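Shown next, in C-alpha cells, is the structure this report addresses.
What follows draws every value from the coordinates through simple rules; no lab data is involved. The structure displayed is predicted, hence computed values, not measured ones. Don't worry about glycine lacking a Cβ; one is built from the backbone with ideal geometry, like all the others, and counts go over all protein chains shown.
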Amino acid sequence: MNHSPFTRISLTMSALPSAGRHRLLCADRLVRLRRLLSAVFAVLVTTLLMLSAQTSLAATGDFQETPSLQEAVSKGELPPVAQRLPDQPLVVATEGTPGGRLTTLMAKAKDTRIMTVFGYARLVGYNKDLELVPDILQKVDVEEGRIFTLHMRPGMRWSDGEPFTTEDFRFWWEDVANNQDLSPFGLPSVLLVKGKGPQFEVLNQYTVRYSWDEPNPDFLPALAAPSPTYIYLPFHYLKKFHPRYLSAEKMEALIKKKKKRNWMGVFLKYGHPYKQDNPDLPSLQPWVLRTEAPAERFLFVRNPYYHRVDSQGHQLPYIDEVMLDLASSSLIPAKTGAGESDLQARYLQMDNYTFLKEAEHRNNNRVLLWHSGTGSQVTLYPNMNCQDEEWRKLLQNRDFRRALSLGVNRHEINQAIYFGLGIEGGDSLLPDSPLYRARYRNAWAEYDPAQANRLLDGLGLTHRDSRNLRLLPDGRPMELIVHTTGEFTEETDVLALIKDTWQQLGILIHARPSEREVFRNRVFSGEACMSVFTGLPNALAHADMSPAQFAPTAQDQLQWPNWGKYYETSGGGEPPRLASAQQLLDLFRQWRHTDDASEQMQIWQEMQQIYSNEVFSIGTVAGILQPVVVNRHLHNVPEHGYFNWDPQAFFGVYRMDQFWLDPDTPAVVPASTDQNSSADNSDSKAGKPASSEGEP
Amino acid sequence: MLQYILRRLLIMIPTLVVISMLVFTIIKLPPGDYLDSYIAELQSQGETVDPKKIEFMRQQYGLDQPAWQQYFTWASGMLQGDFGYSFEYDLPVTEVMGDRVTLTIMVSLFTVIFTWLLAFPIALYSATHQYSWGDYGLTFVGFIGLATPNFLLALVMLYMANVHFGTSIGGLMDPRYLDQPWNWDKFVSVLEHLWIPVVVIGTSGTAGMIRRLRANLLDELHKPYVVTAQAKGVPPLKRLLKYPLRVALNFFIADIGSLLPSLISGAEIVAVVLSLPTTGPILISALQSQDMYLAGSFLMFLAMLTIVGVLISDLLLAWLDPRIRLTGGAQK
C-alpha cells in the first residue's frame, strides 16, 4: 500500500475544510469545539502522512522515462521525466504499460472538446466515488466554506514546458474575468454569492486565495465540472493576444489578419481551453491537440508535462496518442461494429447492442454495458408556464400531476422497450446515490388507473364526450399535444404506450416532433403544455453537489422555464407562482449559503421529498443501459460504470489517462474487474473521512 | 452574339442580388439563430452554458444586430471576396470549404462518367430494340435504381463491402491515410472507397438519363432521314451515332447547366450517410445549425455556378444545333 500518499494527504486536507485559522468569534461554541478538534486531528494526520509520503517517495523514488519520449529526451529536445514532473506529482495506485494509440469516433470537428471531458484534468476533480479530491492542485484549504486557499503543485508545467504558476490565475482574474471587453456581463455565475464576487489574492508563486463574504458551495464543484469554470489561463501564451500586453498597432494588424471583428474575437478564438481547438494553446490535460482544423481526424498526443504518475513511476497517461476520427453520427454504430473504434460510447444506444454484440467476435472488441445516470430516461414535463389558461391551472394542480403519473404503466414500458432491465419509478435519484430513498422513487409511481380516475373526478373533471374523453371546464375535450425533439425513436415508443394507458383516464395525447431549437422555444414560450426529454441530469448526486436540478433555477428546465429564467437572469421571466416551487427555490438558496454537511443533507432530503411528492416531472424508467465498446486489448476500463455527463464527465472520473493498451494480452475480464475494484477500494478508503466529516 | 453574351452577363447581376436576398431570408426564416441551435445541441448532450456567455457570443457574432444590417455586412463582404465567417468552425468560410471542394469534384466527376458509360449504351440498346425483352429488362433494372432510396442502398453496400472486402465504413479513404500526403497506397484506398458513392449516386441518375435519351432517340429514329440513310446502305451503327444520336443530345447539353453546381455540391444526403468528406454534409449541417454565413455563401456560390452553367449550355446549344437561333432576344 505504498500508493498515492499524496492523494491521501490532499484528501484529508480537503476533507477537513474547517481546519486552519478559526477565530473564536461566532456564537455556536459546540461547533467551534468540534472544528477545533478536527483541525488538531487534521494536522496530526497530515504530519503522519507527510512522513509516510517522504518514505514512500524515497522507496519508489525514481521515475521511469516514457518509451515514446526517450528519443526526444536523449537528443536533449525534452528534459528527462523527473524534471518534467512537478516536485510532488500525483501518484495513482495503478500499473500499466505506456504506449500505443487509441482511436475513437466523433461526429463533428467541434467534438474535440470531448477530450477536455474525457481527459478530466481539473484543479479539483471527482473520483469514482464522486468525492472531490485535488488533482492539478496539491491541496485546497477551505475555511467556513467561504475562504478557499488553492495550493498549486510547485514545479508544475504547461504542456509546452512553461511553468504553471499563480501568474496564470492572476491573468484570468485581472485581464479576462474583470476585463470590461472580454467579460461585459461580469464574473461567471458560480463565482457570485448574492451578486458579489470573491476577493482574489496571490499569496505566493504557488498559492492563491478566493474569499467570499458568505459560503460558496458551488465553487469547487464548478472547477470539477465536465465543462469546468476556468479560473486560470496560460498567461505566457495568451498575452500575445491581449491589448494590455500588446501595442495598439500590433493588435490592429492581428485583428485584420485573423479576420475578426475586434480583439475579443481573436482572444477567444485562441484562448478557449475547453474547446481544445487550438493546437498551440498550452494545456494541462493528459493529451493535447496536434491537428489544425479543419480536418477529418484529430490527433491528440501525450502531454509530456502531465502531473500524474502511476505506482511504478511511469508518467501518465499510458496511451501515447488519441485519435478522433470524424464520421456522421448515424454511421458511428456501424463503424464501431466494424472495429474502427477502440473506445466508443458516445453516439451508441441501447438499440445498437445486438448488432455490436454480433460484431464482437469479428473484431477485437468487447461490448460492456454501463448505465445512464439520469433520473429517468424518457420523462414527461408538464409545463407550469403553459399559455393555455385551462391547462395551466390543471398542470399546476398537484393532484392532476399525480393522476397523470399514476396512469403510466412503468412495468409495461420497462418490459416492452428496455428488455425489463431498467429501474421503474418516478424522476428521482438512483439507488447508487447516497441520498437515494426508495420512497421518492416510488412516490405516485405505481400503475393505478382507478386511483388516478378518482383524483381526476375529485378535480371536477367529470364531464365526458362521445369518445369518453374528459372535458376541460370550458368544454374542450382533454386532448394534449406532447412535444418531442423527435430524435429518439424510443421517446415515440414510450409515448405510444403512455397514450394507451392515459386514454383509460379519459385523456388523449398526440406526440409532435419538432426540431430541437423549435422544441425549446415552444416550451419556453408556453406554447407546449407538455414535453418529453430525459430526466434529472444528475441522479447520482451527493449532498455537496448542487441541488439546482430540483428547483426552478434555469430556463431549460422544461417544467417551469419562466420561473427558472427568473432565477437565472435575476428578474426575467416570472417568479414561481406555486408555493411548493418557491419552497424548493428557497431551499436551494439555503443550500447555497451553507457549508454544513448535515444541513446540506437535510436540504437535499427536503427538496427530494417536495419534488417527488409534487410530481413536477413524470418519470418512467431509469438506469438504462449504455453500450460501451472497448478494444479487447485496452486495460483498466471498468466493467461497470455510469456514462453520464455531470458529474462523471463520461470517462472522466474513470480516468482515461489510466487506460492502457497491451497488444499481446487481451484484458481478461475477471482480472481487470479485480484491478478496478481494488482501486475502488483504496480510493474509497482514502475518501471515507471526507464523507463523514463533511465537504466544503 | 457578343452583344447577347454581354446582355446575359449584365442580367446576372440583378439575378444574383435577388438570389442573395432570398438565400439570406430563407436561412433567417427558422426561429432562433446559430446560438439557439448551439445551446440546444449542447443541451442534448447534457451540457449547459452560462447565459451570460451566450449573450456575449451573440454580440461577438453580430447576431444582436438587425437582420438588414447583417445582410449588408455579408453582401458587401462578398463583393470584396470575403465570404464571411463560419460560427460552427470558427474559421473563414473559404478555409472550411478548401480541401473538400477537390474531393467533391472528384466524386462528382467519377459519378458523371459512370452514369454516362452506363446510360448511353443501355439507352441506345433500349431505343433500337423498343419493346423487346432486353428493353423491358433494362428498363426494369433502371427503375429499381431510381426507386430504391439512395441512402438505403448506400448502407447495404457499406455493410457488404465491410464484411466481404474489409473496406472501412464510410469516408473516402481508410482512416489511416487521412493525415498523410498523397501517395499510391492512399490513391488505391480512395478508389476502394470511391466505387460505393459512385454506384449509389450514379444509379438514380443513370435511370433518368436512360429514359430521356431513349425517348429522344425514339422520336428521331422514325424520321425520314433515318429511313433514307438506311435505304442508302449506311452501316447500322454509323447510321445511329452520326445523325439521330446527335440530334437527341440536346437535352444532354442543356443538362450541363445543372451539372456545374452539382459538381461542387455533390449528392448531399448520400454524402451524409456515407460520411464523405465532401461539401454536401457541410452545407446540410450549416443549414441545420443556422451557421448562416457558411450556408449563405455556399448557396450563393452554387447559384453563381448555376447561372454560369446555364449560360454555357445555352451557348453550346446554339453552336451544336443550327436550328436554335437567338431570335427572341436579338430582335428587341
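The lysines within cross-link reach of residue A:499, meaning a Cα-to-Cα straight distance under 24 Å and a gap of 8 or more places when in the same chain, are A:393. Centre-to-centre separation between the Cα atoms of the range A:426-467 and those of the range A:238-281: 55 Å.
Between residue B:130 and residue B:113, the contour length at 0.36 nm per residue exceeds the alpha carbon distance by 3.6 nm.
Distance between the C-alpha centres of the range A:513-588 and the range B:1-69: 30 Å, rounded to the whole angstrom. Based on C-alpha pairs under 8 angstrom that are at least 6 apart in sequence, the range A:379-622 has a relative contact order of 31 percent. Only helices enter this figure: runs of n ≥ 4 DSSP H residues, each worth -39500 (n - 2.57), summed and divided by the residues of the protein assembly as shown, yield -15000 deg cm²/dmol at 222 nm to the nearest 500. Can you work out the FRET efficiency for the pair residue B:59 and residue A:160, with r the C-beta to C-beta distance and R0 = 30 Å, to the nearest 0.05? Efficiency, rounded to the nearest 0.05: 0.45. Annotation: amide H of residue A:155 within the under-5 Å range of A:87, sequence separation 5 or more or interchain, hydrogens built in the peptide plane. Between the helical axis of B:184-221 and the longest alpha-carbon principal axis of chain B there is an angle of about 50 degrees. A full extension of the chain between residue A:272 and residue A:574 corresponds to an added length of 105.3 nm, given 0.36 nm per residue minus the alpha carbon distance. With respect to chain B, whose longest principal axis is taken over its alpha-carbon atoms, helix B:250-265 is tilted by about 20°. Normalised size of the range B:99-330, defined as Cα radius of gyration per 2.2 N^0.38 Å with N residues, equals 1.19. For the range A:222-231, the Karplus equation 6.51 cos²θ - 1.76 cosθ + 1.60, evaluated at θ = phi - 60°, returns couplings of 5, 6, 8, 5, x, 10, x, 7, 7, 10 Hz by residue, with Gly and Pro reported as x. Computed from backbone phi with θ = phi - 60° and the Karplus coefficients 6.51, -1.76 and 1.60, the 3J(HN,Hα) list for the range A:390-399 is 4, 5, 4, 4, 5, 5, 7, 8, 4, 5 Hz; x is used for glycine and proline.
Couplings 3J(HN,Hα) of the range B:273-279, computed from phi: 4, 7, 6, 7, x, 9, 7 Hz, in residue order, whole Hz [Karplus 6.51 cos²θ - 1.76 cosθ + 1.60, θ = phi - 60°; x for Gly and Pro].
Sorting B:128, B:15 from the fewest to the most surrounding beta carbons within 10 angstrom yields B:15, B:128. Contact order for the range A:389-519, expressed relative to its length and based on alpha carbon pairs under 8 Å spaced 6+ residues apart, stands at 25 percent.
Between the amide H of residue A:628 and those of A:368, A:369, A:370, distances stay under 5 Å, these residues lying 5 or more places away or on another chain, with hydrogens modeled in the peptide plane. Residues whose amide H lies under 5 Å from that of residue A:424, counting only those 5 or more places away or on a different chain, are A:622; hydrogens are built 1.01 Å from N in the peptide plane. Using a cutoff of 8 angstrom between alpha carbon atoms and counting only pairs six or more residues apart, the relative contact order for chain A works out to 19 percent. Between residue B:143 and residue B:234, the C-beta separation translates, for a Förster distance of 45 Å, into a calculated FRET efficiency of about 0.85. I'd like the FRET efficiency for residue A:609 and residue A:97, computed as 1/(1 + (r/R0)^6) with the beta carbon distance as r and R0 of 56 Å, rounded to 0.05. After rounding to 0.05, the efficiency reads 0.65. Segment residue A:527..residue A:214, full-extension length gain: 108.7 nm, with 0.36 nm per residue of separation and the alpha-carbon distance subtracted.
With neighbours defined as other Cβ atoms within 10 Å of a residue's Cβ, the residues B:255, A:457 order from fewest to most as A:457, B:255. Averaged over residues, the count of other Cβ atoms within 10 Å places the peptides B:185-198, B:66-79 in the sequence B:185-198, B:66-79, highest first. Between the helical axis of A:579-592 and the longest alpha-carbon principal axis of chain A there is an angle of about 10 degrees. The separation of the range B:247-303 from the range A:603-673, counted between C-alpha centres, amounts to 42 Å.
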